[in-house]
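See below for the structure under consideration.
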Amino acid sequence: MSDFLPGLEGVAATKSAISFIDGEKGLLSYRGYSLETLAANSSFEETTLLLLDGELPSAKELDGFTKKLRRHYRIKYHIREMMHHFPATGHPMDMLQTAVSSLGMFYPGTECLTDADICEDLNYVRNMTVNIIASMAPLVAMWEHMRQGYDPIEPREDLSVAENLLYMFTGKEPDPMLAKIMDVCLILHAEHTLNASTFSALVAGSTLATPYSVISGAIGTLSGPLHGGANSRVVDMLKEIGSADNAEAWVDNALANKEVIWGMGHREYKVKDPRATILHKLVTELIEDRGSSLDSTFETAMKVEEVCKDRLGHKGVYPNVDFYSGILYAEMGIPADQFTALFAVARSAGWLAHWREQISDNRIYRPTQIYIGSETREYVSVSDRV
Ligand code: COA
């Protein structure tokens, strides 16, 4: 009889060369490059190519990939028309899942996924990958206007993914510092080993489903409150605390009532999440740049971190990626219910890197179960049942 491990905790379900976490040391690397190095030197476009192909691209490769991505920012008219009929109250993650799934009907071309052999058509793989990654941010930004009853803002091919995302959200020339911060946020969220949504992408990919089905499944998995979504709760929590002066009493009261402090703790990390460290630095730089014009939630957050370090540090509970990302997105004017959709925009790079790795050495996922139901029994016709 097989052992049953709830949630497959600790079970190796694949081999992967894409990313690595050392939770004791607080390290995360993509393809062997530390996240700190990538955040300081790379761009979302370059990091995406690194995740997909395994190597840093040459200048020519990066330029070609960037141009291809930008040519795919525009969303087909029919998809836009379909989105006009979505309810304005629809959650951005439901919108994104539906829109990405519908992209698959407009861009079929699944020839190389029709037999059980590996897909060797790298053009097909690259085209699908580009189309999905390029479409994600425009879809999210378009929805922000459409759900308020306005036409969406057209994308601009002269802008990077991060710049265009901010431009399509706000309609204003992107602020260079906020665009850089958005770019780093995309890098930080692009990949994180075998989490629930990535696992769902692997399972769907292993059946040779189209990449649109793979990604729409992963978006649905990310949408659950146990996976994406804690960053908007951090913002709510900080608003409730109100000011740095209230932080200590608020945290102590929450802990006394056995409540969770949002944005604190991570199953993989027993020290401060390296992504939180980078985001914290960005917050500090933004404060230095903008001074007192910044929202006081930054100060409250830093005080909450200080108090939590004292109260929870001995349990290995420190800020995770969600602690500072939400307040940065809020500073960019992005509504809280869009935060998880931004996470999906970035993570599409990691999902597709894993999809490609899966189909290049594929075996369909078919785990077993431990049956705990009835023995074989006789069927009783409905008229004889008591
Ligand atoms: N607030 C208060 N206490 C926390 C905490 C938090 N955010 N996270 C962990 N703890 C405490 C637990 O109560 C537990 O205390 P105990 O040993 O006295 O019972 C101890 O720290 C260990 O926590 P545990 O629940 O075993 O850690 P985990 O690895 O199972 O949980 C999370 C990880 C992410 C589920 C958990 O830290 C959490 O719920 N965090 C808040 C939600 C969040 O920000 N999620 C986004 C993750 S990226």
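The values are calculated or read from the model by the stated rules, or taken from the named source; none is laboratory data. Here the structure is a predicted model, which is why all the values come from computation and not from measurement. Here the Cβ positions follow ideal geometry from the backbone for every residue, glycine too, while neighbour counts run over all protein chains shown. Protein only, heavy atoms only, side chains kept; ligands, DNA and RNA dropped before computing areas. Shrake-Rupley method; radii C 1.70, N 1.55, O 1.52, S 1.80 Å.
Could you calculate the contour length gain from Leu122 to Lys309, that is, 0.36 nm times the residue separation minus the distance between their Cα atoms, to one decimal place in nm?
Extra length available between Leu122 and Lys309 comes to 62.5 nm.
Using the Cα atoms as the points, what is the convex hull volume per residue of region 34-140 in Å³?
With only Cα atoms used, region 34-140 gives 140 Å³ per residue.
Which ³J(HN,Hα) values, rounded to whole Hz and listed in residue order, are derived for region 217-227 from phi using the Karplus coefficients 6.51, -1.76 and 1.60 in 6.51 cos²θ - 1.76 cosθ + 1.60 with θ = phi - 60°, glycine and proline given as x?
x, 5, 4, x, 5, 5, 5, x, x, 7, 10
So who's got an amide H within less than 5 Å of the one on Leu27, skipping anything under 5 residues away but keeping other chains? H placed 1.01 Å off N, in plane.
Hits under the 5 Å cutoff: Asp22.
Which value, in debye to the nearest 20, gives the size of the charge dipole of the chain about its Cα centre, when Lys and Arg are +1 and Asp and Glu are -1 at the Cβ?
420
Could you give the nm distance between label points at Arg363 and Leu255, where each point is 7 Å from its Cα heading toward the beta carbon?
4.7
What net charge is computed for the residues neighbouring Leu28, neighbours being all others with C-beta under 13 Å from the C-beta of Leu28, Lys and Arg scored +1, Asp and Glu -1?
After counting each charged neighbour, the total is -2.
Lys and Arg at +1, Asp and Glu at -1: add these up for the other residues within a Cβ distance under 12 Å of Arg74 and post the number.
Local charge sum for Arg74: +3.
Charges only on Cβ, +1 for Lys and Arg, -1 for Asp and Glu: so what's the dipole of region 230-331 about the Cα centre, in debye to the nearest 20?
Result for region 230-331 is approximately 480 debye, rounded to the nearest 20.
Under a point spin-label approximation (7 Å from Cα along Cα-to-Cβ), what is the Val11-Glu268 distance to one decimal in nm?
The answer from the label model is 1.9 nm.
With point charges of +1 on the Cβ of Lys and Arg and -1 on the Cβ of Asp and Glu, referenced to the Cα centre of region 230-331, which listed residue (Tyr269, Ser325, Ala230) lies farthest in the positive direction of the dipole?
Value: Tyr269.
Lysines near Lys281 by alpha-carbon distance under 22 Å, same-chain residues fewer than 8 away left out - which ones?
The reachable lysines, counting only those whose Cα sits under 22 Å from Lys281, are Lys25, Lys180, Lys239, Lys270, Lys272, Lys303, Lys309.
How large, in percent, is the carbon and sulfur part of the accessible surface of region 1-92 at a probe radius of 1.4 Å?
Here it works out to 55 percent.
Counting Lys and Arg as +1 and Asp and Glu as -1, what is the net charge of the other residues whose Cβ lies under 12 Å from the Cβ of Glu163?
Local net charge: -2.
Which of the chymotrypsin sites (Phe, Trp or Tyr not before Pro) found in region 136-183 are loop residues per DSSP with 12 or fewer other Cβ atoms within 10 Å of their Cβ?
Answer by residue number: Tyr150.
What number does region 230-331 give for Rg over Rh if you use C-alpha atoms and the Kirkwood radius?
Looking at region 230-331, the ratio lands at 0.94.
With θ taken as phi - 60° and the coefficients 6.51, -1.76 and 1.60, list the Karplus ³J(HN,Hα) couplings across region 262-275 in order, rounded to whole Hz; mark glycine and proline as x.
Once θ is set to phi - 60°, the couplings for region 262-275 become 5, x, 10, x, 7, 4, 8, 9, 10, 10, 4, 3, x, 5 Hz.
Which loop-located trypsin sites (Lys or Arg not before Pro) does region 151-210 contain, where loop means any DSSP state but H, G, I, E or B and the Cβ has at most 11 other Cβ atoms within 10 Å?
Answer in residue order: Lys172.
If you average 1/r across every pair of different Cα atoms in region 153-241 and take the reciprocal, what Kirkwood value do you get, in Å?
It works out to 15.5 Å.
When only the heavy atoms of the protein chains count and the probe is 1.4 Å, how do Glu306, Glu375 rank by accessible area, highest first?
Glu375, Glu306
From the residues Ala249, Gly316, Val283, which one has its Cα farthest along the dipole of region 230-331 in the positive direction, the dipole being from +1 and -1 charges on Cβ of Lys/Arg and Asp/Glu about the Cα centre?
Ranked along the dipole, the leading option is Gly316.
If you take the beta carbon distance between Gln148 and Ser296 as r and set R0 to 25 Å, what does 1/(1 + (r/R0)^6) give as a FRET efficiency, to the nearest 0.05?
That pair, Gln148 with Ser296, gives E of 0.35.
Find which of Met93, Tyr33, Ala13 sits farthest along the positive direction of the dipole of region 4-98, computed with +1 on the beta-carbon of Lys and Arg, -1 on that of Asp and Glu, about the Cα centre.
Checking the options against the dipole of region 4-98, the answer is Met93.
Would you kindly give the portion of the calculated P(r) for the chain that falls above 30 Å, as a percent of all Cα pairs?
That tail contains 42 percent of the Cα-Cα pairs.
Keeping every protein chain in place, order Lys76, Lys67, Lys15 by accessible area at 1.4 Å, biggest value first, i.e. largest first.
Lys15, Lys67, Lys76
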